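Okay, structure first, notes after.
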Amino acid sequence: MPTIDWQKSSYSGDGSNCVYVAASPAGTVHLRESDDPEVVLTTTAARLHTFICALKERKWDDA
């Protein structure tokens, strides 16, 4: 398995609770929190984009 390069999200700031993101050579996106780095969420760039847009538009409030 190729090594992926984790980067701290710019939205995490200087705090201790950070979100890290990495892109794999296969095109998937990986997310993890500093509190529990062994738990990794994997998705596609398109699905992550859709999720972030929904958060920005607060679409979960309509459900």
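The values are calculated or read from the model by the stated rules, or taken from the named source; none is laboratory data. For clarity, every value in this text was computed on a predicted model and none was experimentally measured. Just the protein is used for accessible areas: all its heavy atoms, side chains included, with ligands, DNA and RNA removed. Shrake-Rupley method; radii C 1.70, N 1.55, O 1.52, S 1.80 Å.
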Rounded accessible area of residue 49 (nearest 10 Å², 1.4 Å probe): 120
For the chain: accessible area per residue (Å², 1.4 Å): 83
Candidates 42, 28, 50, ranked by Gaussian network fluctuation over the chain, Cα under 10 Å, top entry: 50
Degrees, to the nearest 10: 45-56 long Cα axis against longest axis of the chain: 40
Length-normalised contact order of the chain in % [C-alpha pairs under 8 Å, at least 6 apart]: 20
Of all accessible heavy-atom area on the chain, the percent that carbon and sulfur account for (1.4 Å): 55
Chain lengthening between residue 47 and residue 8 when straightened (0.36 nm per residue, less Cα-Cα): 12.1 nm
